[in-house]
Each structure stands twice: as structure tokens, then as C-alpha cells.
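Chemist: Before I ask anything, here is the structure I am working with.
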Amino acid sequence: MASPSLANPSLTLGLSLVAGILAQLLARHLSVPGIVVLLSAGVLLGPEGVGLIHPASLGPALQAVVGFSVSVILFEGAMSLDVRKLRREARSIQRLVTLGAGVTAVGGTLAARALMGWDWKVSALFGTLVMVTGPTVITPLLRRVRVTHRVATVLEAEGIFVDAVGAIIAVVALDMALHAEEGPWLLVSALGSRWGVGLAVGGVTGLLITVGLRKSSWVPEDMTNVFALALVLGAFQVSNALSPESGVLAAIAAGLVVGNGKVPARREVLAFKEQLTLMLLGMLFILLAADMRLSQVTALGWRGLCTVLVLMLVVRPVAVAVSTAGSGLSRNEKAFIAWLGPRGIVAAAVASLFATRLGAQGVQEGQVLRALVFLVIGVTVVVQGLSGGLVAGLLGVRRVVPRGYVLLGANALARQVAHALQAREESVLLVDSSDATLNRAQQEGFRVLFGNGLDERTLLRSEPEGRQGFVGLTHNEGVNLLFAERVRALLRTARSYTALHRGHVGVSTDTVSATGGHILFGAERDLDAWVARCEQNSVSRESWRLEAPQVAAILPPATGTLEEALVPLVLERPTGTVLFDESAVPVAGDRVDFLVAHGRKDEAHAWLSSHGWRPVTSDVPIPDTRPPPGPRDR
């Protein structure tokens with residue numbers, strides 16, 4: 001029986017998908033940019049390594065795979081852009097995509113001509129290829145290196161928009177190089193048709209997706225993701241069929257329309273596309289790195305390395321300086337943008353297309369041109385990716401990640417919880433749609449945010465990344481649960497707390513646990529009664545430390561009369577302060593802030609003292625829980 005051949009297209013795709021995911025998992029554990037590991041894995045698994053992956057077995061289908069994947073990646077990237085933020089930095093972005101890209105193309109051309117000794121035609125093709133920076137590399141880097149919002153917006157937008165501009169200009173430049181006899185008219189007509197077709201097809205597709213997702217009667221909820229995916233893939237190929245390489249712009253235009261339209265399912269679609277992007281990005285870099293001949297890259301020698309260094313250290317800073325002059329960006333912000341200009345998957349994909357078309361026309365420099373582009377990708381990704389955090393820290397452009405808690409609800413009970421957290425130096429942000437309660441919260445010294453906490457834009461304004469927890473503490477337990485679910489949809493690793501009414505059948509503790517949330521105060525409580533007590537100032541916040549439990553039950557029961565006497569708010573131990581939830585199990589030395597009802601103080605103090613708790617606040621008397629003295633004691 002003949003042994004199976006590894007040069008099998010299906011096997012190549014399957015192994016590339018697996019290798020791409022495993023490489024990114026390894027990168028996460030090593031805390032290094034995923035692209036670095038992907039490029040290394042692609043070379044290792046390719047024909048010049050262990051020979052498990054053979055991109056050549058795909059033949060012409062490789063370009064189709066690359067095209068479909070790039071459309072999804074660019075659509076997802078464009079969906080993430082907020083037009084309002086883009087407007088604030090419009091001047092810098094527009095000039096980077098136009099003037100900056102032009103400076104990069106000219107600089108790359110001159111560098112290749114001077115250092116590589118290529119003729120002007122091939123040098124100009126190289127210059128157009130390195131115009132792009134690429135969201136496939138920049139976006140993951142910015143997720144690791146959290147920089148100021150202005151810098152992140154400029155870099156992300158430049159990466160996405162310059163992909164469309166650069167890819168189209170590069171392909172048009174190739175057409176001109178191969179059909180020089182058609183003259184300058186080819187440049188004008190080709191650019192105009194590609195941008196016109198791309199914007200038209202992408203805009204229409206984006207509107208169709210937006211309208212379809214708004215009308216649940218048209219597109220059922222369980223089909224929203226595949227509906228959007230199918231239209232994006234179709235638009236990419238239709239646009240390319242009408243005008244070659246215009247599909248990149250179509251995908252970006254569609255993403256911008258959907259991302260900034262009022263689409264109820266926007267978050268679900270974006271989350272789905274993020275997962276697809278993760279998978280496709282890994283597969284693409286594995287395939288394209290495996291398709292690259294390492295011997296061709298090393299054959300470039302010191303000339304190739306010097307060309308890359310000139311692009312990084314001379315051309316990029318000049319392009320950024322010219323583009324951001326008078327923009328309002330600080331000197332350090334400009335310096336960081338100048339440093340971070342890695343190339344990504346679009347540069348690699350177009351370079352592979354160039355190598356194929358130039359080879360078909362008998363131009364021998366096609367493979368060498370692709371090798372130099374891959375060297376640019378490899379060096380910029382490794383050097384700038386690994387040093388991005390260090391450079392951001394030295395330049396002082398790292399974003400201060402907000403800590404603490406976001407509370408939905410600014411009622412009197414929520415403010416008591418906020419006071420307990422603030423007393424432990426935990427920052428608190430209260431979100432509410434009531435002017436009256438927010439005014440009270442502001443008077444008590446809290447940061448507040450007016451708006452509907454269930455609205456995604458309000459959540460984003462609360463700067464959710466980095467928060468320690470999110471608390472739903474309104475009168476409506478259904479709203480509290482929905483808030484927790486919205487937060488977890490936005491940030492899958494977020495810790496959420498839900499306040500529940502005792503005795504209500506609307507939302508159960510099992511429902512909260514099943515959604516990955518936690519139950520505030522450790523159990524269901526009579527929220528209305530406690531809010532009323534807080535509003536009437538008939539409660540006090542007291543700190544008690546557990547010295548040694550006297551009986552098995554160290555926590556007051558959440559039912560019966562004692563529930564009306566005290567409620568645990570926060571738990572403090574040497575490792576930090578956390579909100580009290582169902583998972584809290586105090587041990588000796590722990591400190592808990594309780595909310596105690598004035599009319600039941602004696603009962604609450606007696607129970608706590610008899611169960612091993614001792615007051616920390618000086619104004620709390622220690623009840624005498626000893627039995628009455630006998631005759632000998634008297």
C-alpha cells in the first residue's frame with residue numbers, strides 16, 4: 001500500500017489551521033507577539049523545515065484562500081473602528097494614508113535602488129509593497145501594549161485604510177510595469193475604477209448587512225453571523241471580479257458601515273468575526289511563511305538587512321513627521337507612531353501575487369522581491385513587536401488602565417457598597433440614568449456616568465478593560481442580570497456581580513451561576529427594604545474581623561430575622577479586597593464590612609460576637625455574650 005503524500009492540499013489546509021492556533025496559544029503563554037511564533041512555525045513546518053506543510057500543493061487555490069481570509073480580517077478590523085474617534089484624529093490619519101504612504105513608497109523605492117541595485121521598475125514595485133503597515137499585526141500588538149487612545153486610534157486606522165490604498169496602488173503599479181505602453185492613462189483609470197467599485201460594492205454590502213440585522217423578521221438571530229459572513233465573502237469576490245484587487249476596499253467599507261450603524265447584533269457579529277480572524281490569521285501566516293524559501297531570504301545578505309533598517313529608522317520616521325506636523329500629537333506620541341510600523345498579511349499576500357505574475361512574464365526579480373518583503377515583515381514584526389512595550393513605557397504613552405469597580409445603580413444601597421470599596425482605596429464608577437441619584441452620588445464624592453448601563457456605548461465610556469468587577473445593583477434584578485450578561489459579552493474575562501431579590505421567582509441564583517456571574521452579598525436579599533433603610537439613614541457600616549470561629553456557621557444566615565439586621569458588603573484579606581459574594585469563605589484574620597440596621601444592632605452584634613467576630617471600628621461595643629454568672633462567680 002502506497003504511503004500517503006504530505007503534498008496534499010486538504011492536508012496542507014488542515015495542518016495550517018492546527019499549527020496556526022497552536023502557535024498563537026504558545027505565543028500567549030510566552031507573552032510574545034503571535035506573528036513572531038507564526039512566522040517561525042511556518043518556516044519550521046514548510047518544505048525547508050520538517051516538510052509537513054506544502055503550500056505549493058494548493059496551486060492557484062492559495063490566492064483564493066488568501067483572498068477570502070483577508071476579506072474577513074479587514075472587515076473585522078474596520079468594524080472595530082469608531083467613526084467619532086476617527087474624526088478627532090482625521091487630520092493625522094488622512095495624511096498618514098496619503099502623504100505618509102507616498103513618502104514610504106518613494107523612500108522604499110530609493111532604498112531598494114541604492115542598496116539592492118535593482119532597476120527603477122522593480123524598485124518602485126518594492127516601494128509600493130511596503131506602503132502598508134497592516135492591522136493584522138498592529139491590532140494584536142496594541143492589545144498587548146495599551147497606549148493612549150489617540151495613538152491607538154491613529155495606528156489602527158492607518159493600518160486598515162493604508163491596506164486598501166497600498167494594495168490597490170501596488171497592483172496598479174504592477175499593471176503599469178507589465179503594460180508600460182498604455183501610458184499614464186492606465187494609472188488614472190485603474191485607480192479610479194478600483195476605488196469606485198470597492199467603495200460602491202462595500203457600501204451597498206454594509207447597508208444590506210445593517211438592514212438585515214436590524215430586522216429580526218428578515219434574518220433570525222441564529223443566522224446573523226453566517227448572514228454577515230456570506231455577504232462579506234461574496235462582496236469581496238464580486239468587487240474583485242468587477243475590478244481586480246478592489247475587494248480589499250469593499251471589505252473595509254462594509255465593515256465601517258456595519259460597525260458604526262445601530263445594529264442590535266453588532267457585538268455578536270464582531271465576536272464571531274474576531275474568532276474567525278484568529279483562526280484565519282494563523283493559517284495565512286503559516287501558509288505564506290511555509291511558501292517562502294528561507295534560502296532566498298538569507299541570500300539577500302547585508303544589503304537586504306540594510307534596506308529594512310533604512311525603512312524602519314529613516315523612511316518611517318520621516319513619513320510620520322511629515323504627516324503629523326501640526327496635528328496636536330505630542331512629540332512622544334509621534335515618536336511611538338514612527339517606531340511602530342510593522343508590515344502584515346496584505347503585504348505578504350500581494351508580494352506573493354507579484355512573484356507569480358512577474359514570473360509568468362519572465363521577470364526574474366519576482367522571487368527576490370517577495371523575499372525582501374518577507375524580510376521586512378519578519379524584522380519589523382520581531383523587533384517592533386518585542387520592543388513595543390518597552391518603547392511605549394520610555395516615551396510615556398502607555399494608557400493608564402482604570403481599576404476598581406463599575407456599579408450599575410446609584411441608589412442609596414449602591415452608594416453604601418461604593419463607600420465600602422472606596423474606604424479600601426478601590427476606585428468606583430457609578431452608572432445611572434437618574435439625575436437625582438447621580439447628583440447625590442456626586443455630592444458624596446463619587447465619579448458618575450449618566451446613561452443606560454445596558455447600552456454598549458455607555459459601557460464603552462466606562463472604560464471596561466482592566467476593571468476588577470461590574471456590579472448590577474438596581475431595584476430590578478432582571479436588569480442586574482442583563483447588565484452582567486452585556487458586560488461578559490463585551491469582555492469575556494470580566495467578573496460580574498448581580499444583586500437578587502429574596503423571594504422573587506424572576507431570576508434565580510442558579511441562573512446567575514450558569515451565566516458565569518456571582519451573587520452580590522452572598523445570597524438573595526430584600527433589596528427594597530435595604531435601599532429604604534439606607535435612604536432613611538437608619539443603617540451603619542461596620543467592620544468586623546474574624547478571630548476564630550466559635551461554631552461551624554461563621555456567616556449570618558440570609559433568611560429569617562437576622563437577614564433584616566445585617567448584610568455583608570466587602571471582604572478584606574492580605575491579598576486584597578473583593579466584593580462579598582457566594583464564593584466568599586472568611587477565615588481567621590479576614591475583615592468584613594457589614595451593613596447593620598439601627599433597629600437591630602444589638603441582635604447583629606450579639607450574633608457576630610458569639611460566632612468569633614470582633615469589631616474593628618472603635619464605636620462598636622463588644623456585647624457580653626458570656627452566660628450569667630453562677631453563685632461562685634458572684
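Chemist: Roughly what would the spin-label model give for Arg545 and Ser427, points 7 Å off Cα along C-beta, in nm?
Modeler: 3.0
Chemist: Excluding residues on the same chain fewer than 8 positions from Lys215, give the lysines whose Cα lies under 22 Å from its Cα.
Modeler: Answer for Lys215, where 22 Å is the Cα cut-off: Lys262, Lys273, listed by chain and number.
Chemist: Share of antiparallel DSSP beta bridges in the chain, in percent to the nearest 5?
Modeler: 55
Chemist: Once you have the Cα-Cα distance between Trp120 and Ser513, take 0.36 nm times their residue separation minus that, and quote the gain in nm to one decimal.
Modeler: 134.9 nm is the gain from fully extending Trp120 to Ser513.
Chemist: What number in nm² do you get for the range 302-413 if you take the convex hull of its Cα atoms and divide its surface by four?
Modeler: Projected over every direction and averaged, the Cα hull of the range 302-413 covers 11.8 nm².
Chemist: Cα-based Rg (one decimal) and Dmax (whole number) for the range 469-514, in Å?
Modeler: In Å, with Rg to one decimal and Dmax whole: 10.1, 31.
Chemist: Then there is this: Using 0.36 nm per residue of separation minus the Cα-Cα distance, give me the extension gain between Arg573 and Arg87 in nm, one decimal.
Modeler: Full extension of this stretch gives 170.3 nm more.
Chemist: Give me the percent relative contact order of the range 431-521, please, defined on Cα pairs under 8 angstrom at least 6 residues apart.
Modeler: It comes to 21 percent, rounded to a whole number.
Chemist: Separate question: Counting other Cβ atoms within 10 Å, which GluC sites (Glu not before Pro) in the range 427-492 have at most 11 and lie in a DSSP loop?
Modeler: Hits after loop and neighbour filter: nothing returned.
Chemist: In the range 357-438, what trypsin sites (Lys or Arg not before Pro) fall in a loop by DSSP, with at most 12 other Cβ atoms inside 10 Å?
Modeler: Arg403
Just so you know, all these numbers are worked out from the coordinates, no wet-lab data involved. Since the model is a prediction, treat every value here as computed from it, not as a measurement. No Cβ is skipped: glycine too gets one built from the backbone with ideal geometry, and neighbour counts run over all protein chains shown.
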